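Student: Next up is a structure, given as structure tokens.
The values are calculated or read from the model by the stated rules, or taken from the named source; none is laboratory data. On a predicted model such as this, the values are computed, not experimentally measured, just so you know. Because the Cβ atoms are built from the backbone with ideal geometry, glycine has one as well, and the counts that use them run over all protein chains shown. Side chains are part of the model used for accessible areas, which takes the heavy atoms of the whole protein and leaves out ligands, DNA and RNA. Shrake-Rupley method; radii C 1.70, N 1.55, O 1.52, S 1.80 Å.
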Amino acid sequence: VQLQASGGGLVQPGGSLRLSCAASGSIFSIVIMGWYRQAPGKQRELVAHISSGGNTNYLDSVKGRFTISRDNARNTLYPQMDSVKPEDTAVYYCNTFPSNSFTWGQGTLVTVSS
């Protein structure tokens, strides 16, 4: 399964951005999906994950600011970033959780800066 993340860009602190992550296979609908990020010089980390039924869990530092949803009919994940901070600057990816079974895409770069 191939993954294509999109929607990144430059956003000011306190702003919002909606990302998308589309999967090429229908298996998407039955797997737990993770939303990950990798900041410059840091290891990739899990930001949130969502079950096939929509149950979510978030990294403490993004709770209350980020939300994740999915459309299983469209095989697409929708991470929503609100009240962004400079420390949210990273390349954002999606993949299955916890096994990262799909092929990693290129991700989408989010830069938070004034």
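Student: Which condition from (1) open to solvent by 50 Å² or more (accessible area, probe 1.4 Å); (2) under 14 Å from Val110 (Cβ atoms); (3) at pLDDT 95 or above; (4) over 10 Å from the mean Cα position of the chain (by Cα) is the one that Arg18 breaks?
Tutor: (4)
Student: Related question: Can you tell me how many residues within the range 59-104 are outside any strand (DSSP E or B), crowded, with 18+ Cβ neighbours inside 10 Å and in contact (Cβ under 8 Å) with a residue 60 or more places away in the chain?
Tutor: The qualifying residues number 3.
Student: Return the pairs, sorted by first residue and then second, in which the second residue is surrounded by 14 or more Cβ atoms within 10 Å (Cβ to Cβ) and among the charged types (D, E, K, R), the first residue lies in the range 1-28 and is within 15 Å of Thr67 (Cβ to Cβ), the beta carbons are less than 8 Å apart, and the residues are 6+ apart or on different chains.
Tutor: Listed pairs, sorted by first residue: Ser16/Asp82.
Student: Taking the range 29-58, which residues are among the hydroxyl-bearing types (Ser, Thr, Tyr) and free of Cβ contacts under 8 Å to residues at least 12 places away in the same chain? Spell out how you get there, then give the answer.
Tutor: To start, the set of residues in the range 29-58 that are among the hydroxyl-bearing types (Ser, Thr, Tyr) comprises 29, 36, 51-52, 56, 58.
The one that is among the hydroxyl-bearing types (Ser, Thr, Tyr) and free of Cβ contacts under 8 Å to residues at least 12 places away in the same chain: Tyr58.
Student: Of all residues in the range 23-41, how many are closer than 13 Å to Tyr92 by Cα and either open to solvent by 60 Å² or more (accessible area, probe 1.4 Å) or modelled with pLDDT under 95 (or both)?
Tutor: 2
Student: Kindly establish whether Ser114 is assigned to a loop (DSSP other than H, G, I, E, B), touching a Ser or Thr at 6+ places or on another chain (Cβ under 9 Å) and loosely packed, with under 14 Cβ neighbours inside 10 Å.
Tutor: no
Student: Anything in the range 47-58 that is assigned to a loop (DSSP other than H, G, I, E, B) and either in contact with a strand residue (DSSP E or B) (Cβ under 7 Å, 6 or more places away or on another chain) or open to solvent by less than 40 Å² (accessible area, probe 1.4 Å) (or both)? List them, or say none. Give the derivation first.
Tutor: In the first step, residues of the range 47-58 are kept if they are assigned to a loop (DSSP other than H, G, I, E, B); the result is 51-55.
Across the range 47-58, the qualifying residues are Ser51, Gly54.
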